[in-house]
Each structure stands twice: as structure tokens, then as C-alpha cells.
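The values are calculated or read from the model by the stated rules, or taken from the named source; none is laboratory data. Nothing here was measured: the structure is a model prediction, and the numbers come from that model. Neighbour counts are summed over all protein chains in view; Cβ atoms, including those assigned to glycine, are modelled from backbone coordinates with ideal geometry. Accessible surface is based on the protein model in full, side chains and every heavy atom, while ligands, DNA and RNA are left aside. Shrake-Rupley method; radii C 1.70, N 1.55, O 1.52, S 1.80 Å.
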Amino acid sequence: MELYSLNVTNFRIDGGAMFGVVPKALWQRVYPANDENLCPWALRSLVIKSENRVVLIDNGFGNKQDEKFLSHFYLFGGDGLIEGLAKIGIKPEEVTDMVLTHLHYDHCGGGVVQKSDGTYALTFPNATYHISRSHWEWAIHPNVREADSFLPENLHPMMESGKLHLVESEGELFPGLELRIVNGHTRGQMIPIITFQGTKVVFAADLFPSTAHIPLAWNMSYDVEPMKTLKEKEAFLKEAYENGYMLFFQHDYHNECCSLKQTQKGIRVDRTFTLNEFLGEKSAWGKS
Ligand SMILES: [Zn+2]
């Protein structure tokens, strides 16, 4: 198995929205904002390449949204989706599995392209698109609060493609790839956990958008059920710390991965490192 980190783009959004009830005086010390209160965020995907599969986890905003939409996100840097995959030698038609943690536009928009005739097609024509059933049903009948995050042009082409696989429950999707389901950020978010040479690598998605979201009360105001997020984080951190899991962050602009340690205040970041640093020193990695 090979793992690749792919930073599709970076973007900026309001720091207050990303830290919920935490006062700016506290969060800006660990995650600085600019004069307009905007903080930089990454939009990483993870590629898992094995003998017979190429699995992509999440795929960014995509390129079918207009300038007005994108102007809210101040995009900068990153490798792009198709370009980033090309850098690691992968063509769109080689992707066998598209795992979507959830269907907010920054996680799934890259999975559907708009063709020159205005119609839509899957970006990865040979891939099965995996989404939890509970999230799919939540997203196609959206609540008022999240409705703007579920774009019909992202969802409908997937439904009509016949390539959608609705994941019924937690557990192993393939050997080496397990899915957990959490419900605080949105209903039915899937958290992929990859077993790589004995270490569990967690694609933290919007359960832990960044290292700054590890303290239990540091949550996004986007979460639909904040108390559930808090409980889910608490249980997951305990399991992750006790078993030496490594967290891979989709949105942390400053840190790609971290290990965890126990402190008097609770479980916190131990070391931060890039995925490539982890892969390089895999043989020296602690618990397995
Ligand atoms: Zn989200």
C-alpha cells in the first residue's frame, strides 16, 4: 500500500466560524487570522494506492462553481485535483474508489465536472462513489441550516450515474480501510481509518479539522449537534491516544499530521509532521 497527501487548494474563511464559542483572544494565539478575521485552511485529500485499487478520499471544491461562489473562499496555492493526481502518476480514470466523508461542497465538489454542453459527468468515470446512507438521505432532504452546503449539481449527477454505493454501517470497506460514522458535524460523516504498516492513520475530516480542534470545546459553529461532536471527539481521542493512532488533517494549513499525548488538561498534540516525514521514518514509529 502507498499513501499520498494531495493538497487540492488552500482557502480562507472566518476564524470565529471555525472556532464556535471559543473567544478570539484564545483561538488567535494558536491559529492566527488576518485583519479581516480570515484564517488560512488547507483542503487535503488522501490517496491510497494498492495492488488493485486507487482510493481517493474527498476531492475539494471542484471547478464548476462560478467566481462569485469562489470569491467567498479566497483560494490560494495547492496542487489542484487533476493536476495533483497527475503529479503522483494517477489519471482520473484509474481511480477505482471515491470515498466521500460527507457532501459539504468543500469535500465533494471535485467529484463532478460540468461538460462544455452544460451537462454533468463524474470526474472519475470508473470509480464507485462511497457515501454513508444516513448522510446521503440527510443531504438530499437538507435542513435549512445546511441546505446551502449541499449543492444539487454535486449530488444529482452522482445519483444518476449508477456508481453510488451507500455505506450502511461502520466497519471495513476494504482490507486496510475502515470507516467510522459520526453525527455531530453533520449526520453520517464517515471518518476513514487506514492501517498502514501496523499504524492506524485517521483521515480526521471535519471531526478534527485542525490540531487546534483537539481540545474538546474547540468546535466549529457549523456543527449541527455540538454536544454530539464533543462526545464523539472525547471517545475517539481516547481510543486514538491509547492505540497510537496518527491523525491526518484535511483542513489544518499549518500541520498535516500529529501524534497524541496525555496531559493534565486532556489529550493533546504530541508531535506534528508531514505525511512524507511519517512515511520516511515509518520504521522508527512507536507503537503499532
Ligand atoms: Zn463539513
* When the helices in the chain are scored as -39500 (n - 2.57) per DSSP H run of 4 or longer and the sum is shared across all residues, what 222 nm value do you end up with, to the nearest 500 deg cm²/dmol? -> -6500 deg cm²/dmol
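Hey, what did segment 31-102 get for relative contact order, percent, Cα under 8 Å, at least 6 apart?
On the way: 56 pairs, mean separation 24.8, N = 72.
Once divided by the residue count of segment 31-102, the mean separation gives 34 percent.
Which whole-number percent is the relative contact order of segment 81-237 (Cα, under 8 Å, 6+ apart)?
Details: 239 pairs, mean separation 28.9, N = 157.
Once divided by the residue count of segment 81-237, the mean separation gives 18 percent.
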* Asked: Excluding ligands, DNA and RNA, what is the solvent-accessible area per residue of segment 63-200 at a probe of 1.4 Å, expressed in Å²?
  -> 46
* Structure fact -> Filtered hits (lysines, Cα-Cα < 16 Å from Lys87, offset >= 8 within chain) -> Lys49
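How about segment 129-187: which trypsin sites (Lys or Arg not before Pro) there are in a DSSP loop, with at most 14 other Cβ atoms within 10 Å of their Cβ? Provide the component values of the computation, followed by the final result.
Values: sites: Arg133, Arg145, Lys163, Arg180, Arg187; in loops: Arg145, Lys163, Arg187.
Loop-located and lightly packed - Arg145.
If you take the square roots of the eigenvalues of the alpha-carbon gyration tensor of segment 153-262 and sort them as a ≥ b ≥ c, do you get rounded (a/c under 1.5), prolate (a/b over b/c) or oblate?
Working: a/c = 1.81, a/b = 1.29, b/c = 1.40.
Oblate, because a/c is 1.5 or more while a/b does not exceed b/c.
Let me have the relative contact order for the chain, percent, based on Cα pairs under 8 Å that are six or more residues apart. Each step should come with its number before you reach the end.
On the way: 585 pairs, mean separation 46.5, N = 288.
Rounded, it is 16 percent for the chain.
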* Structure fact -> In a Gaussian network model of the chain with springs linking alpha carbons closer than 10 Å, the residue among Lys233, Lys115, Lys265 that fluctuates most is Lys265
* **Isotropic mean projected area of the C-alpha convex hull, the chain (nm²)** => 14.8
* Structure fact -> With Cα springs under 10 Å, the Gaussian network model of the chain assigns the largest mean-square fluctuation among His135, His102, His254 to His254
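Ignoring ligands, DNA and RNA, please state the percent of accessible area on segment 228-273 from carbon and sulfur, probe 1.4 Å.
Numbers: 1000 of 2230 Å².
It is 45 percent, rounded to a whole number.
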* Structure fact -> Karplus ³J(HN,Hα) for segment 256-267 (6.51 cos²θ - 1.76 cosθ + 1.60, θ = phi - 60°; Hz, whole; x = Gly/Pro) runs 8, 9, 8, 9, 10, 9, 8, 10, 5, 7, x, 7
* **Cut-off 17 Å, label 7 Å out along Cα→Cβ of Thr272, residues of segment 204-223 by amide N** => 204-205, 208-216, 218-219
* Asked: Which of the GluC sites (Glu not before Pro) found in segment 42-139 are loop residues per DSSP with 12 or fewer other Cβ atoms within 10 Å of their Cβ?
  -> Glu51
* Choice from Cys108, Cys258, Cys39 showing the highest fluctuation, given a GNM over the chain with Cα pairs closer than 10 Å -> Cys39
* **Anchor Lys261: lysines whose Cα lies under 26 Å away (excluding residues fewer than 8 positions away in-chain)** => Lys24, Lys200, Lys228, Lys231, Lys233, Lys238, Lys282, Lys287
